[in-house]
Ligand SMILES: Cc1cc2nc3c(=O)[nH]c(=O)nc-3n(C[C@H](O)[C@H](O)[C@H](O)COP(=O)(O)OP(=O)(O)OC[C@H]3O[C@@H](n4cnc5c(N)ncnc54)[C@H](O)[C@@H]3O)c2cc1C
């Protein structure tokens, strides 16, 4: 076994004739959620995914607020029945090797939704895609969208290369609304040259999957661990998965991880592991499964999130940084917001940018709360432990963000107190 992908590859090839109210490009959590919920409203929905399913994806740790979208999708029972480890908390180890007390989400909010999961993404993403099919969306895999079609400034459909029984066909498909859920490919923003990197987060990651790493017991068995190395040069994630597998990755400035002077990914991982005794100890008896994987340049945002007949969701709208495991949550949430907006826009016959993207200013403010916390995490000399000692009144706001409750007012006070680092407004 190399990577945690479970199940043989499957292709779905429904009739793509249409007509379609909504075409969703991409079958990750954001696209599948948008497709599922717009189909549930009764609209004619086609989702085009370039891979077969299941497909591998990094990003295994959920945060508690995913519960509500999973509940709306009718997937909570399936999650409870799954082998995915329960995640009660996240724990940080600082660059000075000081362990924070674990942030137990259910101590902060004693309710069922406060316990979340560590997921194998191939299984989790497929679960949502299957739900979209059950709710009536047509899902076509091995369907690579090569263009979004516009009439003047209005999106009117897509062009795609679709594989059916070994043959590849080029098709043009019309739709009232096109949803870009292409993840880091960010199809529309890339084409529109509207993809803006965050200059403060020019990062890269190297990660691998290990069997036999040391795990904690009981409530802590499924915890995410975040461990910084001296001077905050890099940090490791430790995410326990089923079958005694753990995902361990190292993130740092791009220039610190990659380049000819640094050697292979395995060399760099080994170099950083030496600087992180707590992680070294956990991996001492572990066996690595498969090769190391790498990715870079993942933190960016789109200037415009919606236009006439089109809307962006999930990573295709923007991505911050993996440290607080916010990516899947934001994919689900933006999918949900977009589905409601699309339904209202289709019902009223007004597919303007304002209608399709009316949720986005509020959404961006929520994302900014994660972003500000990410900036603080990377700021040399800043310590959450010291901050909370000086400002115990903000403990609750901090845990709210770690849980994902970012779409509520009142978090700004904490960031004012958290000087010196504040983000530029995201517009
Ligand atoms: C190093 C790293 C670690 C991370 N760790 C976490 C974590 O622990 N927890 C967490 O919540 N998040 C994590 N994330 C982020 C998380 O993985 C993403 O935010 C999440 O997958 C976004 O979902 P999405 O549906 O927007 O995009 P994706 O899941 O990427 O799905 C996009 C889909 O679009 C398809 N596609 C792309 N282009 C086309 C095309 N032209 N035609 C048809 N299909 C297309 C792709 O095949 C893909 O299936 C991490 C990210 C990184 C980089």
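The values are calculated or read from the model by the stated rules, or taken from the named source; none is laboratory data. Treat the numbers as computed from the prediction; the structure is a model and nothing was measured. Every residue, glycine among them, receives a Cβ derived from its backbone with ideal geometry; neighbour counts consider all protein chains shown.
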In region 4-21, how many residues are within 15 Å of the ligand (Cβ to nearest atom) and touching a helix residue (DSSP H, G or I) at 6+ places or on another chain (Cβ under 6 Å)?
1
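Can you name every residue in region 90-103 that is more than 14 Å from the ligand (Cβ to nearest atom) and either crowded, with 21+ Cβ neighbours inside 10 Å or assigned by TED's automatic domain parsing to the domain that holds residue 398 (or both)?
Let us first name the residues in region 90-103 that are more than 14 Å from the ligand (Cβ to nearest atom), namely 91-103.
Scanning region 90-103 gives 92, 93.
Which residues, taken from region 35-72, are in a loop (DSSP other than H, G, I, E, B) and either under 14 Å from residue 139 (Cβ atoms) or in the same structural domain as residue 208 (by TED's automatic domain parsing) (or both)? Steps first, answer last, please.
Narrowing region 35-72 to residues in a loop (DSSP other than H, G, I, E, B): 41-44, 49-52, 54-60, 62-65.
Across region 35-72, the qualifying residues are 44, 49, 50, 51, 52, 54, 55.
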For region 336-376, how many residues meet the condition of being touching a strand residue (DSSP E or B) at 6+ places or on another chain (Cβ under 8 Å) and in a loop (DSSP other than H, G, I, E, B)?
2
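Could you check, for region 153-166, whether at least one of its residues is under 18 Å from the mean Cα position of the chain (by Cα) and in a strand (DSSP E or B)? Steps first, please.
In the first step, residues of region 153-166 are kept if they are under 18 Å from the mean Cα position of the chain (by Cα); the result is none.
No: region 153-166 contains no residue that is under 18 Å from the mean Cα position of the chain (by Cα) and in a strand (DSSP E or B).
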Members of region 84-98 found to be at pLDDT 90 or above and assigned to a loop (DSSP other than H, G, I, E, B), listed by number:
84, 85, 88
Against the conditions (1) over 28 Å from residue 103 (Cα atoms); (2) surrounded by fewer than 24 Cβ atoms within 10 Å (Cβ to Cβ), where does residue 364 fall short? Just the number, please.
(1)
Residue in region 305-344 that is farthest from the ligand (Cβ to nearest atom), counting only those that are surrounded by fewer than 24 Cβ atoms within 10 Å (Cβ to Cβ) and either closer than 19 Å to residue 150 by Cβ or not assigned by TED's automatic domain parsing to the domain that holds residue 38 (or both)
308
Considering only residues that are more than 10 Å from the ligand (Cβ to nearest atom) and either within 17 Å of residue 312 (Cβ to Cβ) or surrounded by fewer than 19 Cβ atoms within 10 Å (Cβ to Cβ) (or both), which ones fall in region 134-155?
134, 135, 136, 149, 150, 151, 152, 153, 154, 155
Mind counting the residues in region 278-322 that are closer than 30 Å to residue 356 by Cα, touching a strand residue (DSSP E or B) at 6+ places or on another chain (Cβ under 7 Å) and in a helix (DSSP H, G or I)?
2
Restricting attention to region 184-195, does a residue exist that is surrounded by 15 or more Cβ atoms within 10 Å (Cβ to Cβ), more than 9 Å from the ligand (Cβ to nearest atom) and in a strand (DSSP E or B)?
yes
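Quick check: is even one residue across region 104-117 more than 27 Å from residue 239 (Cα to Cα), in contact (Cβ under 8 Å) with a residue 24 or more places away in the chain and out of contact with any helix residue (DSSP H, G or I) (no Cβ under 6 Å at 6 or more places or on another chain)? Spell out how you get there, then give the answer.
Let us first name the residues in region 104-117 that are more than 27 Å from residue 239 (Cα to Cα), namely none.
No, that holds for no residue.
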Exactly one condition in (1) modelled with pLDDT under 90; (2) part of a helix (DSSP H, G or I) is false for residue 6; which is it?
(2)
Name every residue in region 194-222 that is on the phi > 0 side of the Ramachandran plot and at pLDDT 95 or above, in order of residue number.
212
Go through (1) under 18 Å from the mean Cα position of the chain (by Cα); (2) touching a residue at least 60 places away in the same chain (Cβ under 8 Å) for residue 250 and report which single condition fails.
(2)
Name the single residue, out of those in region 37-57 being surrounded by fewer than 21 Cβ atoms within 10 Å (Cβ to Cβ) and away from the ligand (no atom under 14 Å from the Cβ), that is nearest to residue 25 (Cα to Cα).
44
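Just give me the residues in region 9-24 being at pLDDT 95 or above and either farther than 20 Å from residue 127 by Cβ or in a helix (DSSP H, G or I) (or both), in sequence order.
Step one: of region 9-24, the residues at pLDDT 95 or above are 20-24.
Listed by number, the residues that qualify are 20, 21, 22, 23.
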